[in-house]
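Values quoted throughout were computed directly from the atomic coordinates according to the rules given, and no laboratory measurement underlies them. Keep in mind that what you see is a predicted model, and the values were worked out from it rather than measured. Every residue, glycine as well, gets a Cβ built from its backbone with ideal geometry; the counts of neighbours run over all protein chains shown.
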Amino acid sequence: MFKIIFSDIDGTLLNADRDLSELTINTIKKLNQENIPFILISSRMPSAMRHLQKKMDIEHLPIISYNGGLILADGKTLDSTEIPLEILESLHDYNLDHDVHLSLFHNDEWYVPRDDFWTRREINNTKVQPEFRENKKVIKKWDAEEKGAHKIMAMGEEEKIDKIFNFLKESFPNDLHLYRSKPTYIEIAPRAISKLTAVEHLLDHHYRIPLSQSMAFGDNYNDIEMLRGVGMGIAVGNAKPEVLEIAHMVTSPGKEDGVARSISEILKI
């Protein structure tokens, strides 16, 4: 029997309004009564996940943000993996000639270089307000605080993003995960982590539940390892073809309550 469930958010859990449907909220509340933890696992920052936790009454549960780069439980950091500042500096210097938007994230800090199309789009998507600060000033601040980035988002015209992608791939092949969810986006994370490494860490150090008794939902490339590794990896119907191919099961699209429907069917709640 499955004792814990992990779910991606964007493209997987949310409806057409980029929100939680009543069916989803009620289904997760039933899981609560059954003492089956429902863990949000996303590339989002923690504060872009907490308002969703609140709606489902699961604020007491851990969250896994930044594709596994940050695991939080009981108000504490269970695990944190950052992109070293030297890599961020190198990217910043290379970007001086290309001027793509670089959003910089550390835990609940989100810095944007300016108020532009990309900033407004991300605010709309995540319901979180960033702080305006030049990339160079953020690097200086984090250097003094001995911090790295949990995530970097590069956003811009496809041609420029291609150049940034190739630069990072050639310069740091062993250090970075480069997720390209759209031609105009690169989500940059430490290579040492994935959603699966975070699931394993949480199960080993917090819940003591075997991987075989876990279920997970996802739709995108960064969900593949997790869906392959858990006891039951379920792809929503709108998932990328590569994700549909490796999933143990395929459910309805995310916007049609695929997650809630599968939980109800499989767990009979």
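A Cβ-based charge dipole, computed about the Cα centre of segment 85-190 with Lys and Arg at +1 and Asp and Glu at -1, lands at about 320 debye. Using the rule -39500 (n - 2.57) for each DSSP H run of four or more residues, divided by the residues of the chain, the 222 nm mean residue ellipticity is -10500 deg cm²/dmol. Computed from point charges on the beta carbon alone (+1 for Lys and Arg, -1 for Asp and Glu), the dipole magnitude for segment 97-140 about its Cα centre is near 80 Debye. Rounded to the nearest 0.05, the FRET efficiency derived from the C-beta distance between HIS205 and GLU59 at R0 = 22 Å is 0.60. When the chain is treated as a GNM with alpha-carbon contacts under 10 Å, the residue of GLN33, GLN213, GLN129 showing the greatest mean-square fluctuation is GLN33.
Under 21 Å of direct C-alpha separation, and excluding same-chain neighbours fewer than eight residues apart, LYS268 reaches these lysines: LYS3, LYS29, LYS30. Simple rule: put +1 on each Lys or Arg Cβ and -1 on each Asp or Glu Cβ in segment 85-190, find the dipole, and look at ASN174, VAL100, ALA144; the Cα lying farthest toward the positive end is VAL100. Across segment 200-236, the residues whose backbone nitrogen lies under 12 Å from the label position 7 Å along the beta-carbon direction of ARG261 are 236. For the chain, modelled as a Gaussian network with Cα springs under 10 Å, which listed residue fluctuates most, ASP19, ASP223, ASP97? Between ASP19, ASP223, ASP97, it is ASP97 that shows the largest mean-square fluctuation.
In a simple Cβ point-charge model (Lys, Arg +1; Asp, Glu -1; nothing else charged), the chain has a dipole of about 680 debye relative to its Cα centre. The Cα atoms of segment 49-200 define a convex hull whose projected area, averaged across directions, is 9.1 nm². Taking one quarter of the surface of the convex hull spanned by the alpha-carbon atoms of segment 1-69 gives a direction-averaged projected area of 4.6 nm².
Of all lysines in the structure, those lying under 20 Å Cα to Cα from LYS240, and not within fewer than 8 positions of it along the same chain, are LYS182, LYS195, LYS255. The value obtained for the chain, namely the Cα convex hull volume divided by the number of residues, is 120 Å³ per residue. Taking the Cα centre of the chain as the origin and placing charges on Cβ (Lys, Arg +1; Asp, Glu -1), which of PHE132, LEU13, ALA154 is farthest toward the positive end of the dipole? Going by the Cα projections, it comes out as LEU13.
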